[in-house]
Amino acid sequence: MSLVAVVNFGTGNLRSVQKAIEHVADKGVRVIVTEKSTDLAQADRVVFPGQGAIGTCINAMQSHGLQEVLNDLLQSRPFLGICLGLQAMYESSEEDGGVRCMGVLKGAVEHINVSGNGGGFKDPVTGIRLKVPHMGWNNVTQTKPHPMWRKIKQGQRFYFVHSYCAHAKDPAQEYGITEYGFPFTAAGGMENYFGVQFHPEKSQNAGLQLMKNFITWDGSA
Amino acid sequence: MPLAKRVIPCLDIDAGRVVKGVRFVDIRDAGDPVEVARKYDQQGADEITFLDITASSDGRQTMYNLVEDVAGQVFIPLTVGGGVRALQDVHKLLHSGADKVAINTAAVHKPEFVRQASDHFGVQCIVVAIDAKRVGSGWEVFTHGGRQATGIDAIDWGRRMVEYGAGEILLTSMDRDGTRDGFDLDLTRKMSDSVSVPVIASGGVGLLSHLVDGIIKGGADAVLAASIFHFGEHTIAEAKQVMLRSGIEVRL
């Protein structure tokens with residue numbers, strides 16, 4: 001029996017994450033949604049999803065007393081971050097007036113509107129105004145091989161919905177990029193942590209494949 | 001390879017069944033929602049929208065169960081609208097497996113509700129649905145399925161809803177809905193140029209070329225249609241081929 005824990009901060013659609021993993025896992029895998037540190041400590045794998053505002057997310061982490069156990073798990077178990085679960089790993093985010101994050105990965109999270117653009121947000125090539133949130137299916141360029149990319153084709157489209165994006169400072173910690181007016185980090189990681197800006201649980205077959213890769217991943221890059 | 005324009009089939013749900021009315025009468029049964037959603041997913045739908053038109057309150061629970069069933073089998077974004085009036089409704093829908101919730105009449109009655117929902121659950125899951133009808137040289141917001149005028153200018157309303165935290169606008173032309181004459185392209189273009197968030201064009205699709213017009217002429221980020229997909233006239237895949245041939249970026 002293997003246990004996958006989906007960390008619950010009370011926001012977002014965690015049910016979909018749970019269901020997507022259950023859909024691809026065999027019967028020996030149990031998936032729980034939890035905010036209890038005792039449950040998390042027993043997990044073989046951890047998924048940290050997240051939607052909404054990062055300040056709320058970091059506060060919830062602290063108020064549930066999860067920071068310590070998450071820091072332990074980040075060093076010891078296969079750990080998947082989704083959306084905010086990627087952003088929260090960088091050093092800081094400018095959302096909510098500036099928030100200090102976990103600092104596992106080097107880099108910062110910025111508003112899409114601000115990154116590389118002064119004033120109005122337009123596509124630099126076409127001049128067409130781009131909408132925020134960045135919402136829909138966009139291509140992900142795999143910048144390095146990783147076990148989490150197994151059976152996923154280069155340039156595959158995944159479903160995104162976000163207004164802030166991460167910019168990895170260390171290329172060694174970046175595994176994928178996406179362009180929306182400018183390039184940003186679509187997948188980042190180090191050692192047993194891998195995080196994606198898109199939503200694999202909402203990205204149909206390619207997303208399910210990524211979930212499948214996660215439950216068979218041994219945690220090495 | 002930029003962001004793809006989205007094709008969104010819409011399912012009107014009454015007491016747990018898919019129905020499609022033409023001009024809000026003559027409601028035809030179009031099947032089991034889970035089966036229909038699976039079919040659209042396999043055809044390449046980018047998202048699926050459910051509009052709950054059930055009047056009775058016990059029908060609400062049916063809707064939550066339905067969303068849960070669909071979410072366990074279809075792994076693309078699901079939007080649910082119809083009768084969303086309180087934070088509790090939003091919470092229950094998201095918890096059932098919806099990714100986005102569409103708010104319409106309740107936003108008109110109490111705009112602050114949109115702000116609360118957006119603050120609480122995040123802008124990414126709050127869609128404001130606007131039913132607009134041409135009045136004079138502009139468009140007016142209507143509620144109650146197009147029966148009740150509000151006196152509010154639709155474009156101003158769209159801008160205001162974005163300020164209140166709408167992450168997306170679902171814009172339906174009540175003049176075109178059910179006519180199969182194509183989107184109200186002037187309305188779509190005006191809204192799309194006026195708001196910073198994505199706009200979904202809705203109401204009036206009768207031909208696949210109407211989807212192309214909605215994107216290119218209307219400036220929409222996504223196109224929503226119901227009847228052309230429900231009765232087997234066209235598949236989502238055919239729609240995307242037509243869009244692709246017109247130079248529109250789509251997910252194949």
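Checking each residue of region A:112-134 against the condition of being closer than 23 Å to residue B:95 by Cβ, surrounded by fewer than 23 Cβ atoms within 10 Å (Cβ to Cβ) and touching a His at 6+ places or on another chain (Cβ under 9 Å) gives at least one match. Take residue A:5 and decide whether it is farther than 18 Å from residue B:124 by Cβ, buried (at least 20 other Cβ atoms within 10 Å of the Cβ) and in contact with a strand residue (DSSP E or B) (Cβ under 9 Å, 6 or more places away or on another chain). Against the criterion (farther than 18 Å from residue B:124 by Cβ, buried (at least 20 other Cβ atoms within 10 Å of the Cβ) and in contact with a strand residue (DSSP E or B) (Cβ under 9 Å, 6 or more places away or on another chain)), residue A:5 qualifies.
Considering only region B:141-155, I want to know if a residue exists there that is closer than 21 Å to residue A:121 by Cβ and out of contact with any Pro (no Cβ under 9 Å at 6 or more places or on another chain). Checking region B:141-155: at least one residue is closer than 21 Å to residue A:121 by Cβ and out of contact with any Pro (no Cβ under 9 Å at 6 or more places or on another chain).
From the list A:55, A:85, A:50, the one residue that fits, being in contact with a helix residue (DSSP H, G or I) (Cβ under 6 Å, 6 or more places away or on another chain), small (Gly, Ala, Ser), within 28 Å of residue A:158 (Cα to Cα) and in a helix (DSSP H, G or I), is A:55. So which residues in region B:215-233 are outside any strand (DSSP E or B), closer than 17 Å to residue B:47 by Cα and either among the charged types (D, E, K, R) or modelled with pLDDT of 95 or more (or both)? Across region B:215-233, the qualifying residues are B:215, B:220, B:221.
Scanning region A:156-207 for residues that are hydroxyl-bearing (Ser, Thr, Tyr) and within 21 Å of residue A:70 (Cα to Cα) turns up just one, A:193. Applying the criterion of being surrounded by fewer than 16 Cβ atoms within 10 Å (Cβ to Cβ) and at pLDDT below 95 to the residues of region B:40-59, the residue that is nearest to residue B:178 (Cα to Cα) is B:55.
When restricted to residues that are on the phi < 0 side of the Ramachandran plot and within 14 Å of another protein chain (Cβ to nearest Cβ), region A:144-161 contains 8.
Only one entry of A:207, A:189 meets the criterion of being in contact with a Phe, Trp or Tyr (Cβ under 7 Å, 6 or more places away or on another chain), of a type in the set (Gly, Ala, Ser), touching a residue at least 12 places away in the same chain (Cβ under 8 Å) and facing another protein chain (nearest Cβ under 9 Å), and that entry is A:207.
Scanning for something in a loop (DSSP other than H, G, I, E, B) and charged (D, E, K, R), does region A:142-150 turn up at least one residue? Yes; the residues of region A:142-150 include at least one that is in a loop (DSSP other than H, G, I, E, B) and charged (D, E, K, R).
The values are calculated or read from the model by the stated rules, or taken from the named source; none is laboratory data. A quick note: this is a predicted structure, and the numbers were derived from the prediction, not measured. Cβ atoms come from the backbone with ideal geometry, glycine included; neighbour counts cover every protein chain shown.
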